[in-house]
Amino acid sequence: MAEKTKETDTSLLLLNAVKKGMLDKKAQEILSLNLGKINSTVCDFFVICHGTSSTHVSAIAESVEEAVRKECGIKPGRREGFVNGEWLLIDYLDVVVHIFQEPVRRYYQLEELWADVPAEKVKDI
């Protein structure tokens with residue numbers, strides 16, 4: 001019997017659209033964290049990447065939102081950090097996207113907080 005997770009086909013489609021948007025703008029070190037096997041989490045996936053400047057980070061975010069809108073027909077529930085462009089959060093409920101400037105990502109080490117969950121380095125989809 002396959003292990004049961006709370007992931008859905010919808011969250012997997014959303015995850016792929018997010019990855020596509022990131023790849024289209026050459027996001028760096030894209031990492032997908034599968035939180036679907038943890039009962040107490042509020043989402044199925046965190047997707048983390050970084051850009052080289054606030055302009056690059058904003059372009060990645062715009063690309064993610066456009067890819068998700070085109071492929072899934074949805075808008076984010078919440079968007080944060082767009083004023084300073086150091087750490088942008090785009091919340092799609094099942095998938096939460098974190099786009100950092102590299103020094104900010106290194107400082108917070110968000111992926112280290114979830115070191116015990118399955119992670120996938122995204123190379124291409």
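FYI, it's all coordinate maths here, none of it is from the lab. Given the structure is predicted, the values throughout are model-derived calculations rather than measurements. Counting neighbours? That spans all protein chains shown, and the Cβs are built from the backbone with ideal geometry, glycine included.
Taking the charge dipole of the range 9-112 about its Cα centre, with +1 at Lys and Arg Cβ atoms and -1 at Asp and Glu Cβ atoms, the residue from Asn16, Cys49, Ser32 reaching farthest to the positive side is Asn16.
About the Cα centre, and with charges only on the beta carbon of Lys, Arg (+1) and Asp, Glu (-1), how big is the dipole of the range 69-116? Nearest 20 debye, please.
340
Based on C-alpha pairs under 8 angstrom that are at least 6 apart in sequence, the range 9-112 has a relative contact order of 29 percent. With helices as the sole contributors, the chain gives -11500 deg cm²/dmol at 222 nm; each DSSP H run of n ≥ 4 counts as -39500 (n - 2.57), and the sum is divided by every residue. Largest GNM mean-square fluctuation among Gln28, Gln109, Gln101, using the chain with Cα springs under 10 Å: Gln109. With q set to 0.10, 0.17, 0.18 Å⁻¹, the log10 of I(q)/I(0) for the chain, from the Debye formula over equal scatterers at the Cα positions, is -0.27, -0.80, -0.90.
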